[in-house]
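Take a look at the structure below.
The values are calculated or read from the model by the stated rules, or taken from the named source; none is laboratory data. Note that the structure is predicted; figures quoted are calculated from it, not measured. As a convention, Cβ positions derive from the backbone with ideal geometry for all residues, glycine included, and neighbour counts pool all protein chains shown. The area values use the complete protein model at the heavy-atom level, side chains included, leaving out ligands, DNA and RNA. Shrake-Rupley method; radii C 1.70, N 1.55, O 1.52, S 1.80 Å.
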Amino acid sequence: MAQFLQTLQSANAAYSNVLVSILRYGAPAVAFLLLFRCITSMLTFRREPETWGWLRLESGTRLPITHWENVIGRSKRSDIVINVPNVAKTHSVLTRYDDGSWSITASDSVKGICVNGEVVECAELMSGDVITVGGVNLEFEAISGRLKHKLSQRRTKGSSFGASLFNLLLLTVLQVLVCLAFLLNHGQKAPQTVLLAFLGIMAMEWLLLLFYVCIRRTSYEVETVAFFLCTMGMCAVATVVPGEALKQLLAMAMGLGTFLLIGWSLRNLERAKKIRYIAGVAGILFLLVTLVFGKTYYGAKNWLEIGPFSLQPSELSKVCFAFVGASTMDRLIKKRNLFLFIVYSAVLCGCLALMNDFGTALIFFCAFLIIAFLRSGNIGTIALAISALAFAGVVALRMAPHALQRFATWRHIWEDPLDTGYQQTQSLMCMTSGGLLGLGAGRGFMKYIFAADSDAVFATLCEEWGLVMGIFLLLAIVGLALFAVRSAGLGRSSFYTISSCTAAGIILVQVILNVLGTVDVLPLTGVTFPFVSNGGSSMICAWGLLAFIKAADTRQNASFAVRLQKKEVAVDE
């Protein structure tokens, strides 16, 4: 290792200007090309719903069934719209299960539904059964195995293996460039752990792609974007706390394991429903244990110390919250189910308020608003919830002096730049000094500022790698969020749709609070930048949330959470 670093130093002395130019301009150029290719692929694919069967009207018209859960009703928001006065707005729910069976459940209708002339509340369906809703007869026809295979072959495919391979090669080039920049600027003083950490990230991403090849999955854009963010986060760790580089690499490995585990659990919707209840209990227990045994740092009691390790359980509760908030359509339209979720959300936010962790409580509340809207579609409910938040916020500020201090500092950081406004004023000055392309790896001043690798990591990266790279970080997060929204309308189940949008919302809101808090546009809340900030709990949470976004992708051979369609020899019906 020493000989390798000495060789780099000799090369740096001989070709200093050339190397500096390559690293200064090369890294942003490669990052731009990488993100352009990934985000373009994620946002421009042909949005094509899956077909799982049809409902045939007496006139012979066939209405396609495009989801695993379909609301039949008069409302324009229904999946299958029957504009007849006798049909309720949400008359019934048609549901498909993992084993291919179907059922229908009555909803808001007063007279219920009929299957083959018999009034039922819930009944299994077979092809050829006649469903009567509001006097309208619908003949149910499930898609046959052979036709299902033919349609799946024509469906929109994810990115090709060649495109995924080229994207990963670009990411590897970027990682080599940033690693060389760090080693050249530090010379023989550079810790070996930093080089090992970058090599570890490269090994991890290539092994994941190899795993995808083995299970015949080709789409790799979401993971590539996540590894890009992790790479830039490692740049901050290498500058601020290089001794923790391997620790952060271990956190990435644990996060990737969480990503694969959640993806596996989502392959079977019935299994995911059962895990949801376990996750609900775990989410509350994480916070209750923290309330009893947690340590208080900077006013918030949100850390657990287990020997030499520290854990922030509220980060893990975010993943549990995404699980609990998701619901299948037959339960989605029941007010009792929504009421229980409201109570659960209130308990979580109450625990966080008692812990004085108001930044995380705000993230949970924003996630609740997303779930409540997707479940009810009622703007009035959302307005009422926001009003309740405003009232609770006033009470919280009176009860928590440290939170009130942050609000008092907000928009007044230059009045006391050496004390209460020190971190933010220094962040702004360092970001300005970095310019468009940055000062270079390890050459910034932010590394001497508190939380430069976590809460203020955006300022650290902007100073050393430039505002351009900072914008790329934000574009990567926005790209993931837009991909989740774009995939939502094609989701097989409301479970996948709601959990995906919730996960994307949590990540996006967290980035907004982190970045805008750093530059004093919003009050400083102390939340982390997903995938980028140093911290094992935050990294595991970010990868866990990413699994929900990945699971909602229904493109052919794209998500490992979606089973591949096997060709069947059944005769078409």
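Listed values, structure above:
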{"read-out": "Yes/no for D520 being part of a loop (DSSP other than H, G, I, E, B), among the charged types (D, E, K, R) and at pLDDT 80 or above", "value": "yes"}
{"read-out": "Residue list for the stretch 436-448, filter: open to solvent by 30 Å² or more (accessible area, probe 1.4 Å) and either in contact (Cβ under 8 Å) with a residue 60 or more places away in the chain or in a loop (DSSP other than H, G, I, E, B) (or both)", "value": "L436, L437, L439, R443, F445, K447"}
{"read-out": "Selection from the stretch 358-372 of residues that are modelled with pLDDT of 80 or more and not hydroxyl-bearing (S, T, Y)", "value": "G359, A361, L362, I363, F364, F365, C366, A367, F368, L369, I370, I371"}
{"read-out": "Search result, residues across the stretch 140-171 that are small (G, A, S), part of a helix (DSSP H, G or I) and at pLDDT 80 or above", "value": "G162, A163, S164"}
{"read-out": "Hey, A451 modelled with pLDDT under 90, surrounded by fewer than 22 Cβ atoms within 10 Å (Cβ to Cβ) and in contact with a Gly (Cβ under 9 Å, 6 or more places away or on another chain) or not", "value": "yes"}
{"read-out": "Tabulated pairs, the stretch 168-192, first more than 19 Å from R443 (Cα to Cα) and hydroxyl-bearing (S, T, Y), second assigned to a helix (DSSP H, G or I) and at pLDDT 95 or above, C-beta under 7 angstrom, 6+ apart or interchain", "value": "T172/M202"}
{"read-out": "Residue count, the stretch 95-139 (criterion: under 37 Å from the mean Cα position of the chain (by Cα), free of Cβ contacts under 8 Å to residues at least 40 places away in the same chain and part of a strand (DSSP E or B))", "value": "7"}
{"read-out": "Any hit, the stretch 197-207, residues being more than 22 Å from A31 (Cβ to Cβ) and modelled with pLDDT of 95 or more", "value": "yes"}
{"read-out": "Residue in the stretch 36-51 that is nearest to V478 (Cα to Cα), counting only those that are at pLDDT 85 or above and buried (at least 17 other Cβ atoms within 10 Å of the Cβ)", "value": "I39"}
{"read-out": "The stretch 78-94, residues that are outside any loop (DSSP other than H, G, I, E, B), in contact (Cβ under 8 Å) with a residue 12 or more places away in the chain and either open to solvent by 20 Å² or more (accessible area, probe 1.4 Å) or touching an Asp or Glu at 6+ places or on another chain (Cβ under 7 Å) (or both)", "value": "V93"}
{"read-out": "Among the candidates L473, L467, residue that is within 19 Å of the chain's Cα centre (by Cα) and in contact (Cβ under 8 Å) with a residue 24 or more places away in the chain", "value": "L473"}
{"read-out": "Single match in T425, T497 (criterion: crowded, with 21+ Cβ neighbours inside 10 Å and assigned to a helix (DSSP H, G or I))", "value": "T497"}
{"read-out": "Failed condition for H412, given (1) over 30 Å from the mean Cα position of the chain (by Cα); (2) open to solvent by 30 Å² or more (accessible area, probe 1.4 Å); (3) modelled with pLDDT of 85 or more", "value": "(3)"}
{"read-out": "Members of the stretch 55-77 found to be open to solvent by less than 30 Å² (accessible area, probe 1.4 Å) and hydrophobic (A, V, I, L, M, F, W, C), listed by number", "value": "L55, I65, W68, V71, I72"}
{"read-out": "Residues of the stretch 210-232 that turn out to be part of a helix (DSSP H, G or I) and open to solvent by less than 10 Å² (accessible area, probe 1.4 Å), as a count", "value": "13"}
{"read-out": "Meets criteria (modelled with pLDDT under 95 and surrounded by fewer than 17 Cβ atoms within 10 Å (Cβ to Cβ)) for G243", "value": "yes"}
{"read-out": "Complete set of residues in the stretch 109-140 that are open to solvent by 80 Å² or more (accessible area, probe 1.4 Å) and among the acidic types (D, E)", "value": "E118, E121, E124"}
